[in-house]
Amino acid sequence: MTMHIRSFAAISETAPVALHPISRRSPREDDVSIKIHYCGVCHSDLHQARNEWHNTIYPVVPGHEIIGQVTAVGDKVSKFSVGDWVGVGCLVDSCQECASCKEGLEQFCENGMTLTYNGRDRHDGSITYGGYSEAIVVSEKFVLRLPNALDKASAAPLLCAGITTYSPLRHWKVGPGDKVAVIGLGGLGHMAIKFAHAFGADVTLFTRSPGKQREARRLGANHVVISTDDAQMEAVSNHFDFILDTVPNGHDLNPYLNTLKRDGTMVLVGLLEPIEPPLHSGILVMSRKTLAGSLIGGIAETQEMLDFCAEHGIGCDIEMINIQEINQAYTRMLKSDVKYRFVIDMKSLEIEKL
């Protein structure tokens, strides 16, 4: 038996995101059914709705920053009960058998993780639909417990923007005494500053906008460097232990690599292909610097991140919208006209009639 529910979907790359009926499966023995209360809006949602990555399967129901409440569980579910507040992030399944999955790194599943939306279910071959909908059904292993201390709405973007920045900072063991820089002050960048500050690092924001200095310091940055100012960039040459680059668009990496210390690491969390202008490999070779990449986090690490946020009072700075405003939100997002993440109040979907 399946559930027929309301969602907002794109039916083509030129169509607005609009009301669309979808079906959800009844819970399998290891499944959790969730009523969705809040869903964050990620730039990936826009990419997929408009087929900018050329892999969208229509209709596509975006949304992978999901907060909701358990409404039913399968017979073999042991971690969750009806009424629990939970989260679902960017992935809802993986092979569970490869080396990465066995190490709790499901995001690097060597047989391909199953994305929360625009993915294909490993069991029945159906297309996955995301959080711009009334409800979702997810395997227990990929459901996260929401700590009581977290604000439910501002917790939603932690499931993508949060873990995307938390994971590399943890993996490269950022801590007290480290000089850390964050490139870009958007949905990811503002979370990176909060986490690096909470880890005890000395935090610098790289930005092109002088007007962001006060805001950066409010979020936890100790310093701000205007990246278009040659004198300021020269002043931090060979300065940083670690740089997290959160900018999703193509840009010149070389000036930032010059600010790394010997043996320093710069990590990309955006998809910048191709890298233009070309990378000057001598910057890396002559000082044993590393340019690396990182992708969200595994389920255990994502739960760790949520618990860390609850312990340290960290949430995402959000602007709440109704689902009917999603297309305007996309337009504003392209202009960076949000501080710093839109979150949909899914109660607004209830007024829609199929």
Working only within the stretch 43-96, note down all residues that are over 30 Å from Glu13 (Cα atoms) and β-branched (Val, Ile, Thr). Val70, Thr71, Val73, Val77, Val82, Val86
Can you tell me which residue among Asp93, Asp124 is under 18 Å from Ser33 (Cβ atoms), in contact (Cβ under 8 Å) with a residue 40 or more places away in the chain and surrounded by fewer than 19 Cβ atoms within 10 Å (Cβ to Cβ)? Asp124
Listed residues Asp124, Asp93, Asp151, Asp84; which is under 30 Å from Gly220 (Cα atoms) and acidic (Asp, Glu)? Asp151
Among the listed residues Gly83, Gly68, which satisfies the condition of being outside the structural domain of Glu273 (by the TED database), open to solvent by less than 60 Å² (accessible area, probe 1.4 Å) and not in a strand (DSSP E or B)? Gly83
Which ones in the stretch 177-194 are in a helix (DSSP H, G or I) and open to solvent by 20 Å² or more (accessible area, probe 1.4 Å)? Leu188, Lys194
Within the stretch 237-354, which helices (runs of 4 or more DSSP H) (wholly inside it) include 3 or more residues that are touching a Leu at 6+ places or on another chain (Cβ under 7 Å)? 299-312
With the requirement that a residue be in a helix (DSSP H, G or I) and either within 18 Å of Asp93 (Cβ to Cβ) or modelled with pLDDT under 95 (or both), what does the stretch 126-163 give you? Glu140, Lys141, Phe142, Leu159, Ile163
Restricting the search to the stretch 53-65, which residues are at pLDDT 95 or above, within 20 Å of Gly40 (Cβ to Cβ) and surrounded by fewer than 24 Cβ atoms within 10 Å (Cβ to Cβ)? Thr56
Looking at the structure I just gave you, is Val41 within 14 Å of Thr128 (Cα to Cα) and open to solvent by less than 70 Å² (accessible area, probe 1.4 Å)? no
Restricting the stretch 96-111 to residues that are open to solvent by less than 30 Å² (accessible area, probe 1.4 Å) and assigned to a loop (DSSP other than H, G, I, E, B), the one nearest to Leu159 (Cα to Cα) turns out to be Gly104
If only one of Leu272, Leu260, Leu268, Leu279 is touching a His at 6+ places or on another chain (Cβ under 9 Å), open to solvent by 10 Å² or more (accessible area, probe 1.4 Å) and free of Cβ contacts under 8 Å to residues at least 60 places away in the same chain, which one is it? Leu272
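Residue by residue, here is whether (1) assigned by the TED database to the domain that holds Leu271; (2) among the aliphatic types (A, V, I, L, M); (3) over 20 Å from the mean Cα position of the chain (by Cα) holds:
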site: Arg25; (1), (2), (3): no, no, yes
site: His43; (1), (2), (3): no, no, no
site: Pro59; (1), (2), (3): no, no, yes
site: Leu105; (1), (2), (3): no, yes, no
Out of everything in the stretch 18-38 that is hydrophobic (A, V, I, L, M, F, W, C) and in contact with a Leu (Cβ under 9 Å, 6 or more places away or on another chain), what residue ends up being least open to solvent (accessible area, probe 1.4 Å)? Ile36
Is there a residue in the stretch 45-60 that is part of a strand (DSSP E or B), more than 22 Å from Lys353 (Cβ to Cβ) and among the charged types (D, E, K, R)? no
Val88 meets each of (1) within 29 Å of Ala149 (Cβ to Cβ); (2) open to solvent by 10 Å² or more (accessible area, probe 1.4 Å) with one exception, condition (2)
For Leu244, work out the one condition from (1) surrounded by fewer than 18 Cβ atoms within 10 Å (Cβ to Cβ); (2) touching a strand residue (DSSP E or B) at 6+ places or on another chain (Cβ under 9 Å); (3) under 20 Å from Pro168 (Cβ atoms) it doesn't fulfil. (1)
Considering residues of the stretch 315-337 that are more than 25 Å from Ile5 (Cβ to Cβ) and touching a Lys or Arg at 6+ places or on another chain (Cβ under 6 Å) only, the residue surrounded by the fewest Cβ atoms within 10 Å (Cβ to Cβ): Asp317
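The values are calculated or read from the model by the stated rules, or taken from the named source; none is laboratory data. Fair warning: this is a prediction, and the values are worked out from it, not measured in the lab. Counting neighbours? That spans all protein chains shown, and the Cβs are built from the backbone with ideal geometry, glycine included. The protein model used for the area step is the full one, side chains on, heavy atoms only, and it has no ligands, DNA or RNA in it. Shrake-Rupley method; radii C 1.70, N 1.55, O 1.52, S 1.80 Å.
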